[in-house]
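S.K.: Have a look at this one before I ask anything.
The values are calculated or read from the model by the stated rules, or taken from the named source; none is laboratory data. Keep in mind that what you see is a predicted model, and the values were worked out from it rather than measured. In this analysis, Cβ positions are derived from the backbone assuming ideal geometry, glycine residues included, and neighbour counts consider all displayed protein chains. For the accessible areas, the whole protein counts, side chains as well, though only heavy atoms, and no ligand, DNA or RNA atoms are used. Shrake-Rupley method; radii C 1.70, N 1.55, O 1.52, S 1.80 Å.
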Amino acid sequence: MGAGHHHQLYLPGESVVHRLPPQCKLLAVFAFAIVVVATPRERFWAFAVYAALLGVVAVAAKVPMTYVLRRMVIEVPFVLFAFLIPVIGLGERTSVLGVSLSVPGLWAAWNILAKATLGVVASILLAATTEPRTILIGAQRLRLPSLLVQIAMFMLRYMDVIVEEMRRMRVARESRGFEARNFRQIPVIARSAGALFIRSYERGERVHLAMLSRGYSGRMPIIQDISASARQWGIALALPAMALAVWGLSW
């Protein structure tokens, strides 16, 4: 699976969270997200407790807060959308710093920000403590659709190859004096994208034929079988279990 590939989201470590099997962490994050989404938006204290639980996980995993905050940039589109809702929302309105805002829009914005932020942080902690290829092995252990897992595996394996191909094509264009300065260069970019698609498709055909010649029958062989003990399941599911207890108190 390309052990030499560098993945910026993964933070190597030897913490108790790093050592947990991937299927345990996947199920824990999924269950935690469900509990967060099911929490009424009016329970501010519950969301504060959820954030504290994630903070405990980050400390146990030895993942710095600065590391998490830098990678939360992916949430910016959700934040911008949430800030627009109170402005364009309908219904009862209130004034905040001289700006008329929709009360239902404010509640909707808070709901999106709180739940999306907790979900993003949980996902960042999962990615920081689990290698991408290991996450896919965990998904396979959880009996996720085999075809989807294999597609994700190939995407992970060949993403760097496609990016490198794009880089070579860009260097080739620039060595011939090409500069993408305005809309008139769009046809050249479009032809390059088409050529990249054809090359990727042909590479996929060659890889598939090579796999068939080596006995591929529709399922990827499991080289590294990761099993989980009852203790490891208990440690991983402690997060959603505590979140579920908080959710129960919020009703």
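S.K.: Just for the stretch 26-41: of the residues that are open to solvent by 60 Å² or more (accessible area, probe 1.4 Å) and touching a Lys or Arg at 6+ places or on another chain (Cβ under 9 Å), which one is modelled with the highest pLDDT? Step through it out loud before you land on a result.
M.R.: Going through the stretch 26-41, the residues open to solvent by 60 Å² or more (accessible area, probe 1.4 Å) turn out to be 27, 30, 34, 37, 41.
From what is left, the residues that are touching a Lys or Arg at 6+ places or on another chain (Cβ under 9 Å) are 37, 41.
On the way: VAL37: 94, ARG41: 89.
Restricting to residues being open to solvent by 60 Å² or more (accessible area, probe 1.4 Å) and touching a Lys or Arg at 6+ places or on another chain (Cβ under 9 Å), the top hit is VAL37.
S.K.: Can you pull out the residues in the stretch 146-169 that are at pLDDT 85 or above and either farther than 27 Å from PRO12 by Cα or touching a Cys at 6+ places or on another chain (Cβ under 8 Å) (or both)?
M.R.: GLU165, MET166, ARG167, ARG168, MET169
S.K.: Let me ask another. Output the number of the condition that GLN23 fails; it satisfies all remaining conditions of (1) open to solvent by 60 Å² or more (accessible area, probe 1.4 Å); (2) assigned to a helix (DSSP H, G or I); (3) closer than 30 Å to MET211 by Cα.
M.R.: (1)
S.K.: If you don't mind, there's one more thing I want to ask. For the stretch 154-198, which positions are surrounded by fewer than 12 Cβ atoms within 10 Å (Cβ to Cβ) and in contact with an Asp or Glu (Cβ under 8 Å, 6 or more places away or on another chain)?
M.R.: none
S.K.: If you go through the stretch 199-212, how many residues are open to solvent by 90 Å² or more (accessible area, probe 1.4 Å) and of a type in the set (Ser, Thr, Tyr)?
M.R.: 1
S.K.: Looking at (1) part of a helix (DSSP H, G or I); (2) over 24 Å from ARG143 (Cβ atoms), can you tell me which one GLN8 breaks?
M.R.: Single failed check for GLN8: (1).
S.K.: List the number of the failed condition for GLU75; all other conditions in (1) exposed (fewer than 14 other Cβ atoms within 10 Å of the Cβ); (2) of a type in the set (Asp, Glu); (3) in a helix (DSSP H, G or I) hold.
M.R.: With respect to (1) exposed (fewer than 14 other Cβ atoms within 10 Å of the Cβ); (2) of a type in the set (Asp, Glu); (3) in a helix (DSSP H, G or I), GLU75 is out only on (1).
S.K.: Name the single residue that is modelled with the highest pLDDT among those in the stretch 177-199 being over 12 Å from MET166 (Cα atoms) and small (Gly, Ala, Ser).
M.R.: ALA190
S.K.: Within the set of pairs 6+ apart or on separate chains, which have a first residue in the stretch 106-117 that is over 16 Å from VAL76 (Cβ atoms), a second that is open to solvent by 50 Å² or more (accessible area, probe 1.4 Å) and of a type in the set (Asp, Glu), and C-beta atoms under 9 Å apart?
M.R.: Matching pairs, first to second residue: TRP107/GLU42.
S.K.: Let me ask something additional. For residues that are loosely packed, with under 15 Cβ neighbours inside 10 Å and part of a helix (DSSP H, G or I), tally how many sit in the stretch 113-153.
M.R.: So in the stretch 113-153, the residues loosely packed, with under 15 Cβ neighbours inside 10 Å come out as 142-143, 145-148, 151.
Restricting the remaining residues to those that are part of a helix (DSSP H, G or I) gives 146-148, 151.
Total satisfying the criteria: 4.
S.K.: Determine if the stretch 42-54 includes at least one residue that is surrounded by 13 or more Cβ atoms within 10 Å (Cβ to Cβ), modelled with pLDDT under 90 and either more than 19 Å from VAL17 (Cβ to Cβ) or of a type in the set (S, T, N, Q) (or both).
M.R.: no
S.K.: Report yes if some residue within the stretch 49-63 is farther than 23 Å from SER250 by Cβ, in contact with a His (Cβ under 9 Å, 6 or more places away or on another chain) and of a type outside the set (Ser, Thr, Tyr); otherwise report no.
M.R.: Yes: one or more hits.
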